[in-house]
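This report concerns only the one structure given below.
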Amino acid sequence: MTFFDTLSRSYVDVDLTKGIDTEQFLEATEGLVKLFDLLGSKAFAVVQNDMNGNIKKIRERFLSNPTANSTLQELLLTESPEKKRVATEGLLWLSRGLDFTAQALRRSLDDGSEELAASFTKAYEQTLRKHHNMLVRPVFGLAMKACPYRKDFYEKIGVITDEATAQMKGWLEALENIIRIIQGIFAANPAYIKGM
C-alpha cells in the first residue's frame, strides 16, 4: 500500500469538466499536505501551516455559497468585485506552494540519483524564493536541508515498485495539470491579483 492509496481523494479524481471542482481540489490538497509529515522534519511545519491556512481561506469562501463557488474559476469570479479577496489570495499562495511541491517531486522522479534535499532546494529557487523576504528564506532553507534521504522517503510513501511509481506519476501529472490551469487563470485575469 502506498501513501497515494491512503488519500481520501487523488488529484487524478478531481473533476475538471466545468472548471476545477473546489471541494474536490481542497480534499486532494489536504492529502498532499500530509505528505510533508512523511518528510519527517518539524522544519516543514511552516510549509504545512501556510498551505493549511490557504486551504482554510478557500474553504470558508466555498462554504459561504457552495453553488456560486463550486469551481475555483467561479470562486475567483464571484470574489473579484470585492475589495478584500481573501480566497483569491489564498489560492494564489496555495498554487505557489503546490508548484514548489510538484516541481520538487518531478525533479526527484525524473532523476533517480538526486537526493530530496537537492530536489526541494532547486524547486524552491524556481518557485517560492522570489516571493519570500529575507526573514522567510532561511526558514525554508532549513526545511530543505532537513529532507530525509531519498531511499527512506520512497520507502515511507511505499513507492518501491514500478506499479507504485506509475501511481505516483499519475497523481503528480494530475497535480501539474491543475497548477497549469490555475496559473493560466491568474495570467488571463491579472486584475484578480492586482495589489497582492
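What to note about this one:
- The stretch between A187 and T67 holds 40.7 nm of extra length on full extension. This uses 0.36 nm per residue minus the Cα-Cα distance.
- Relative contact order (percent, whole number), the chain, Cα cutoff 8 Å, 6+ residue spacing: 27 percent
- Projecting the Cα positions of H132, L98, T78 onto the charge dipole of segment 17-183 (unit charges on Cβ atoms of Lys, Arg, Asp and Glu, taken about the Cα centre) puts H132 furthest along the positive direction.
- Label-point gap, in nm, between D111 and L135 - each point 7 angstrom along Cα→Cβ: 3.3 nm
- Anchor K151: lysines whose Cα lies under 28 Å away (excluding residues fewer than 8 positions away in-chain): K34, K42, K122, K169
- The chain: angle of helix 116-126 to the longest principal axis, Cα-based, in degrees nearest 10: 30 degrees
- K122-K169 FRET efficiency (beta carbon distance; Förster radius 22 Å; 0.05 resolution): 0.70
- Within straight-line cross-link reach of K194, lysines at Cα separation under 26 Å, skipping those fewer than 8 residues along the same chain: K18, K56, K57, K83, K84, K130
- Ranking I182, N54, Y149 by Cα position along the charge dipole of the chain, where only Lys, Arg, Asp and Glu carry charges on their C-beta atoms, puts N54 farthest toward the positive end.
- Ratio of the Cα radius of gyration of the chain to 2.2 N^0.38 Å, where N counts its residues: 1.02
Every number in this text was worked out from the coordinates using simple rules, so none of it is lab data. A quick note: this is a predicted structure, and the numbers were derived from the prediction, not measured. Glycine also receives a Cβ, built like all others from the backbone with ideal geometry; neighbour counts cover every protein chain displayed.
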